[in-house]
Amino acid sequence: MITFDVWGTLLPIEPAIKTVVEVLHKSLGGRVPFQTVHALVSEERRKMKLARRERHEVVPPISVMLNIQKQLRSRGVNASFDVYQVQDAVDEAVSRLEVAPYEDAVEAIKVARGEGYRVGVISNVLMWRSRATRKLLEGLGISNLLDLQIYADDIGYVKPAVQIFEAARTLLLGDVVPDVYLHVGDDFYEDFLGALTASYGAVLVDRRGDYAKKEVIESVPCRAYIVRSLKTLPLVLHEVEACASTPP
């Protein structure tokens, strides 16, 4: 069983963040500089990630919109937009985003399926609801490669909480305990440490080389790997399968 993160792992997140800024900027009638709106969105994203890491808190996207509206009003901006309408507009825009998936990630999913693995995605929510991501993945032809999609706003838990990883296993396999369960993602805390804390294997996708300079590093024998590209996933699978077949 293999699960993947979505944003930053399967899809680049920057175009989606830019889309959020564009929708907000338009809702304000252009009265606030684009860069100011971008800074507010970036700050709210930072606070969301902090809440997830420290408190395992699910922050609904509509709450983020309310916080941004509050911040704008505190600066004297007449932010009178309807947050629900703006949220719907953000969801719609993200669902229609013109974005190319990471080629190595799509190929990795196909390789995993070809090896007989059940494959799913586990994703936190950002400033758009999971329905937008689901629709986008469907439009990109990725949904039909997946056996499961599980999102924080569906299940009530966020990565790195153990419960979301356990929920994915249960929904994919029932009571079966897999010989191999790897979670693949680009966030060190939410994906990598989250999966390890849940006692599952972890693969950190480190495309920028923040944690590793080599193509593949086995950071914890048989359990944790850091890769520069998901083109090396077959190698990781080979190593993990060899570990699983070796008697303790």
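Sorting the segments 137-147, 89-99, 200-210 by their residues' average number of neighbouring beta-carbon atoms within 10 angstrom, most packed first, yields 200-210, 89-99, 137-147. Here the ratio of the Cα radius of gyration of the chain to 2.2 N^0.38 Å is 1.06.
Please work out the average accessible area per residue across the chain, using the 1.4 Å probe convention, and give it in Å².
Here the residues of the chain average 48 Å² of exposed surface.
Its Cα centre serving as origin, the range 89-133 has a Cβ charge dipole (Lys and Arg +1, Asp and Glu -1) of approximately 260 debye. Listed peptides 189-199, 122-132 appear in the order 122-132, 189-199 once ranked by packing, highest mean of other Cβ atoms within 10 Å at the front. Distances between every pair of Cα atoms in the range 152-237, grouped in 10 Å steps from 0 to the bin holding the largest one, split as 18, 48, 28, 5 percent.
If you build the convex hull over the alpha carbons only and average its shadow over all orientations, what do you get for the range 1-54? Give it in nm² to one decimal.
Approximately 4.7 nm², given one-decimal rounding.
Treating the angle as unsigned and between 0 and 90°, give the value, to the nearest 10°, between the Cα long axis of helix 162-173 and the longest Cα principal axis of the chain. For 162-173 against the chain, the angle is about 60 degrees. Under a model in which nothing but the beta-carbon of Lys, Arg (+1) and Asp, Glu (-1) is charged, the range 117-248 shows a dipole of about 380 debye around its Cα centre. Pairwise Cα separations in the range 73-197 fall into 5 Å bins from 0 onward with the following percentages, short to long: 2, 9, 16, 20, 20, 14, 8, 5, 3, 2, 1, 0. Considering only DSSP beta bridges whose two residues both sit in the chain, what percent are antiparallel, to the nearest 5? Expressed as a percentage, antiparallel bridges in the chain total about 15. Between amide H atoms placed 1.01 Å from N, distances below 5 Å from Tyr102 occur with Leu11, all of them 5 or more places distant or on a separate chain. When every alpha-carbon pair in the range 69-117 is counted, what percent end up more than 14 Å apart? For the range 69-117, the share of Cα pairs beyond 14 Å comes to 71 percent. Within the range 103-248, DSSP assigns beta bridges of which about 25% are antiparallel (rounded to the nearest 5). What a 1.4 Å probe finds exposed on the range 23-157 is 47% carbon and sulfur by accessible area, rounded to a whole percent.
The values are calculated or read from the model by the stated rules, or taken from the named source; none is laboratory data. Just so you know, these numbers come straight off a predicted model, no measurement behind them. Neighbour counts are summed over all protein chains in view; Cβ atoms, including those assigned to glycine, are modelled from backbone coordinates with ideal geometry. Only protein heavy atoms, including side chains, enter the accessible area calculation; ligands, DNA and RNA are left aside. Shrake-Rupley method; radii C 1.70, N 1.55, O 1.52, S 1.80 Å.
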